[in-house]
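Trainee: Encoded as structure tokens, here's the structure I'll be asking about.
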2 protein chains.
Amino acid sequence: MKIGILGGGQLARMLALAGYPLGLDFVVLEPAPDACAAPLAEHIQAAYDDEAALEQLAQTTERVTYEFESVPASAVEQLNESLSVYPPANALSTARDRNNEKNLFRELGIETAPFAEVHDLAGLEQAVSKVGLPAILKTRTLGYDGKGQQVIRPGDDLEVAWRSIGRVPAILEGFVAFDREVSIIAVRSLSGELAFYPLAENVHQEGILRVSTCLRQDSHQTLAEDYARRVLEKLDYVGVLALEFFQVGEHLLANEMAPRVHNSGHWTLEGAETSQFENHLRAILGLPLGSTAPLGHAAMVNLIGDMPETRSLLALKNAHLHLYGKAPRPGRKIGHVTLREVSADELSAGLSRVHKILE
Amino acid sequence: MKIGILGGGQLARMLALAGYPLGLDFVVLEPAPDACAAPLAEHIQAAYDDEAALEQLAQTTERVTYEFESVPASAVEQLNESLSVYPPANALSTARDRNNEKNLFRELGIETAPFAEVHDLAGLEQAVSKVGLPAILKTRTLGYDGKGQQVIRPGDDLEVAWRSIGRVPAILEGFVAFDREVSIIAVRSLSGELAFYPLAENVHQEGILRVSTCLRQDSHQTLAEDYARRVLEKLDYVGVLALEFFQVGEHLLANEMAPRVHNSGHWTLEGAETSQFENHLRAILGLPLGSTAPLGHAAMVNLIGDMPETRSLLALKNAHLHLYGKAPRPGRKIGHVTLREVSADELSAGLSRVHKILE
């Protein structure tokens, strides 16, 4: 069976790597000529809203998924006329708009940081009085890796902030003094079968994920699964969903969701019995889900910007290199390393060794 | 870096799957249009001795390896003029001729079954008197999966046997009443670094490998490593080498070697810290070798002939499906399943479940 993927970046690449052993083939629709998934898939090089290209994708594949949430709604609509696109369109329209996303969480009884919609400068002033400062002004759509965000502190000029995000529809989110950032990778099959990976603790720097560590037996696991289940079932979801939280004491405040395989789940490649990539494919095909049990003590470190000393990384016992075939560029994710160790102490030592090489 | 592979079957496919995460790209030279590695590599469709195709391979890649031992010597010679082919040509010329192979073992003090060269019918008669019956007449070259072999029992007509293998240069091997068939996957890097996987026990039926089980702590491990080291160092070998033995009590009788990744090492995909495929690539690139430590209790079951109920296989906890993208055909290896369990008992139960599905 041939699977279509909108987007040909590293997530598409890792989906293909996970899918060939299941007997699948892949076609990616991606405008960039040097897409890093292209060497291991057919590559339709066109814009995501190119109707002829979408028609070609629909005719050559049996199921379509995507690797980013800003897929044009019109593209999904066109594809849905002749085949099935998963995760479903309502998940996409929810996830690509921070306001819709937050309202869904609220509606489902999932805690969030205080937030308010912002349509204009006057609205921003109202939002500040409602949410308080410090707060973060975030564009409703098209933000990722810390882009489209502006921190506002007491005394800051609101007009400058409003201009800095481009005067587009936004939300203002109150600052949360969180203990940790955690995320859960959840998966729901076409058959309705559910599976959840252990929570991961995530460390961001400059808005970009740096390290995710699998939390094997965390006291927040049950609550996170409960929240994820509410979202999956409400949206009649199919595929992998990532749900990010701020953990504050016993509380989990939902920050955002991603209707796709997610960077905070890359540790599952060596750290779980079945990777998030394989389970996403199983889910959208209605196949039985694979075990999400953790293997050993696992973590993932992103490789960002420069190409590291790969020889040194490969010399580390229990480290696994995953390069994406992308040219190094400041701030760009060009790969990651997963570590799987026999104990938490060994994992901590392994992470120190990786960080030392990346310094 | 771009790696060339002579042959585009499942071994090339699994090398590519292991190599992309290392940042490698792949080109396969393979005459079949529907080569199962083709969807995930550039495909030069030509005969292995096509000089123009070999020139194209040499110009687009930086290192070449192969997935089968009957690669024409002339092809390797031509490629070696402009780049490096690993494993080295002497390993290839040894492995593709059973007589050379057995003589190498003998020269290195590695025990074998009794054997004798056969050039003609008179030679066969002499070989029988030397080796005894029952015995197996095997063509010196081009035999695999039980092809090119003829069992001779007392009273059998030697001329019929000689005709049945096509009257080509052969060896006669005495029958060995072995306890088990085992193999070791060994690897030697361009830098001289050595690594050995745990022995695997192999079960064949009709000359085709059916099941390989990782032997975590077998008393023959040291002897097997010693024998493998002698071969690796004698041949100044680079890459993965598989060495198959008959185990008779405390003895290991070398049966044959394969200068490539090998079916009896497929269990390493989930059953070892680093797979044989990744370590073969690391070796031919002179990169540090990855850990060969076993993970849990692992085994591999080949999928031969018909496509099994893949849905049932996927529903098995701890089973991992590896399909090759090949059309089912009697006697054809179309995939395998690896199992990784927490104990020998669990592995035995898991194997029973797999066999039940494949019945």
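The values are calculated or read from the model by the stated rules, or taken from the named source; none is laboratory data. Please read all numbers here as calculations on a predicted model, not as lab measurements. All Cβ positions, even for glycine, are placed from backbone atoms using ideal geometry, and neighbour counts span all protein chains on display. Remember, those area values only see protein heavy atoms, side chains included, never the ligands or the DNA or RNA. Shrake-Rupley method; radii C 1.70, N 1.55, O 1.52, S 1.80 Å.
Trainee: Can you give me the Cα centroid spacing of region A:180-248 and region B:284-354 in angstrom?
Mentor: Centre-to-centre (Cα) distance: 29 Å.
Trainee: Another question about this same structure. For chains A and B related by rotation, which residue of A has the Cβ nearest the axis, and what is the rounded distance in Å?
Mentor: A:L40, 2
Trainee: Find the lysine pairs in region A:180-358 meeting two conditions, Cα atoms under 24 Å apart and a separation of 8 or more places or different chains, and report how many there are.
Mentor: 4
Trainee: Okay, moving on. Let me check something: with ligands and nucleic acids excluded, how do A:Y197, B:Y86 order by accessible area (1.4 Å probe), largest to smallest?
Mentor: Order by accessible area, largest first: B:Y86, A:Y197.
Trainee: Let me spell out the model: positive unit charges on the Cβ of Lys and Arg, negative unit charges on the Cβ of Asp and Glu, origin at the Cα centre of region B:114-174. What dipole size does that give, in debye rounded to 20?
Mentor: Dipole magnitude for region B:114-174 comes out near 140 debye.
Trainee: Then there's this: Cα gyration tensor of region B:217-278, axes a ≥ b ≥ c as square roots of the eigenvalues: rounded (a/c below 1.5), prolate (a/b > b/c) or oblate?
Mentor: Cα axes put region B:217-278 in the oblate bin.
Trainee: Evaluate E = 1/(1 + (r/R0)^6) for B:E233 and A:T60, where r is the Cβ-Cβ distance and R0 equals 45 Å; express this FRET efficiency to the nearest 0.05.
Mentor: 0.35
Trainee: Once the Cβ-Cβ distance between B:A52 and B:R167 is put in as r, and R0 is 30 Å, what FRET efficiency do you end up with, to the nearest 0.05?
Mentor: 0.30
Trainee: Go through region A:353-359 residue by residue and turn each phi into a ³J(HN,Hα) via Karplus (6.51, -1.76, 1.60, θ = phi - 60°); whole Hz please, and just put x for glycine and proline.
Mentor: In residue order, the calculated couplings are 5, 5, 4, 4, 5, 7, 4 Hz.
Trainee: Right, something else. How about region A:6-54: which of its residues lose at least 50 Å² of accessible area in the presence of all protein chains relative to their chain isolated, using a 1.4 Å probe?
Mentor: Residues meeting the cut-off: A:L17, A:Y20, A:P21, A:P39.
Trainee: Further question: Give me the three principal axis extents of region A:175-309 from the C-alpha atoms, as integers in angstrom, largest value leading.
Mentor: If we take the Cα atoms of region A:175-309, the spans are 39, 38, 25 Å.
Trainee: Something else about it: Compute the separation of the alpha-carbon centres of region A:60-110 and region A:10-40 and state it in Å as a whole number.
Mentor: Value for the Cα centre distance between the two parts: 20 Å.
Trainee: Further, regarding this structure: When the distances between all Cα atoms of the protein assembly as shown are binned every 20 Å from zero, what whole-number percent does each bin get?
Mentor: 16, 47, 26, 9, 2, 0
Trainee: At q = 0.11, 0.12 Å⁻¹, what log₁₀ I(q)/I(0) does a Debye calculation on the Cα points of chain B give, no solvent, two decimals?
Mentor: With no solvent term, the Cα-only Debye profile gives -0.76, -0.91.
Trainee: How far is B:A349 from the same spot in each other copy, in nm, shortest first, if each label point sits 7 Å from Cα toward Cβ?
Mentor: For B:A349, the inter-copy label distances come out at 3.4 nm.
Trainee: Something else about it: Work through the residues other than B:V160 whose Cβ is under 12 Å from its Cβ and net out their charges, Lys, Arg +1 and Asp, Glu -1.
Mentor: For residues surrounding B:V160, the net value is 0.
Trainee: Quote the relative contact order of chain B in percent (integer), defining contacts as alpha-carbon pairs under 8 Å separated by 6+ residues.
Mentor: About 13 percent, as a whole number.
Trainee: Assigning unit charges at the beta carbon (Lys, Arg +1; Asp, Glu -1) and nothing else, what dipole magnitude in debye, to the nearest 20, does the protein assembly as shown show about its Cα centre?
Mentor: 400 debye
Trainee: Moving to a separate point now. Report the convex hull volume per residue for region B:114-174, counting only C-alpha atoms, in Å³.
Mentor: 67 Å³
Trainee: Residue by residue, what Karplus-based ³J(HN,Hα) values in Hz, rounded to whole numbers, does region B:42-47 have, using 6.51, -1.76 and 1.60 with θ = phi - 60° and x for Gly and Pro?
Mentor: Karplus values, whole Hz, x for Gly and Pro: 5, 10, 8, 8, 6, 5.
Trainee: Provide the FRET efficiency to the nearest 0.05 for the B:S129-B:R180 pair, computing r from the beta carbons and using R0 = 35 Å.
Mentor: My answer for the efficiency is 0.75.
Trainee: Report, in deg cm²/dmol and to the nearest 500, the calculated mean residue ellipticity at 222 nm for the protein assembly as shown, where each DSSP H run with n ≥ 4 adds -39500 (n - 2.57) and the sum is divided by the residue count.
Mentor: Result for the protein assembly as shown, helices only: -8500 deg cm²/dmol.
Trainee: Can you give the longest stretch of chain A with no exposed loop site, where a site means trypsin sites (Lys or Arg not before Pro) in a DSSP loop (not H, G, I, E or B) with at most 16 other C-beta atoms within 10 Å?
Mentor: A:1-146
Trainee: Can I ask one more? Quickly work out the B:L190-to-B:A32 label distance, labels modelled 7 Å from Cα along the C-beta direction, and quote it in nm with one decimal.
Mentor: So the two model labels end up 3.0 nm from each other.
Trainee: Looking at B:L92, B:A73, B:I3, which one has the Cα that reaches farthest to the positive end of the dipole of chain B (charges on Cβ: Lys, Arg +1; Asp, Glu -1)?
Mentor: Final value for the positive-end residue is B:I3.
Trainee: Mind checking the dipole of chain A: about its Cα centre, +1 per Lys or Arg Cβ, -1 per Asp or Glu Cβ, Debye to the nearest 20?
Mentor: In total the dipole reaches around 580 debye.
Trainee: In addition: Note the distances from B:P169 to each other copy's matching label point, with points 7 Å along the Cα-to-beta-carbon direction, in nm, sorted shortest first.
Mentor: With the label placed 7 Å along Cα→Cβ, B:P169 yields 7.9 nm.
Trainee: Also, quick follow-up: I want the local charge near B:A73. Using Cβ-Cβ distances under 12 Å, sum +1 for each Lys or Arg and -1 for each Asp or Glu among the other residues.
Mentor: Combined, the nearby Lys, Arg, Asp and Glu give -3.
Trainee: Each residue of region A:53-66 in order: what ³J(HN,Hα) in whole Hz does its phi give by Karplus 6.51 cos²θ - 1.76 cosθ + 1.60, θ = phi - 60°, with x for Gly and Pro?
Mentor: In residue order, the calculated couplings are 5, 5, 5, 4, 4, 5, 7, 9, 10, 10, 7, 10, 10, 8 Hz.
Trainee: While we're on this one: Contact order normalised by length for region A:279-333, with contacts defined as Cα pairs under 8 Å and 6 or more residues apart; what percent is it?
Mentor: 33 percent
Trainee: How high is the relative contact order of region B:74-203, given as a whole-number percent (alpha carbon pairs under 8 Å, six or more residues apart)?
Mentor: Result for region B:74-203 is 22 percent.
Trainee: With a 1.4 Å probe, how much accessible area is buried between chains B and A, both sides summed, in Å² to the nearest hundred?
Mentor: Using a 1.4 Å probe on protein heavy atoms, the buried area is about 2700 Å².
Trainee: For B:N103, place a label point 7 Å from Cα along the Cα-to-Cβ direction in every copy; what are the distances to the other copies, in nm, shortest first?
Mentor: Listed shortest first, these distances are 8.3 nm.
Trainee: Please give the net charge around B:E173, taking every other residue with its beta carbon less than 9 angstrom from that of B:E173, where Lys and Arg add +1 and Asp and Glu add -1.
Mentor: Local charge sum for B:E173: +3.
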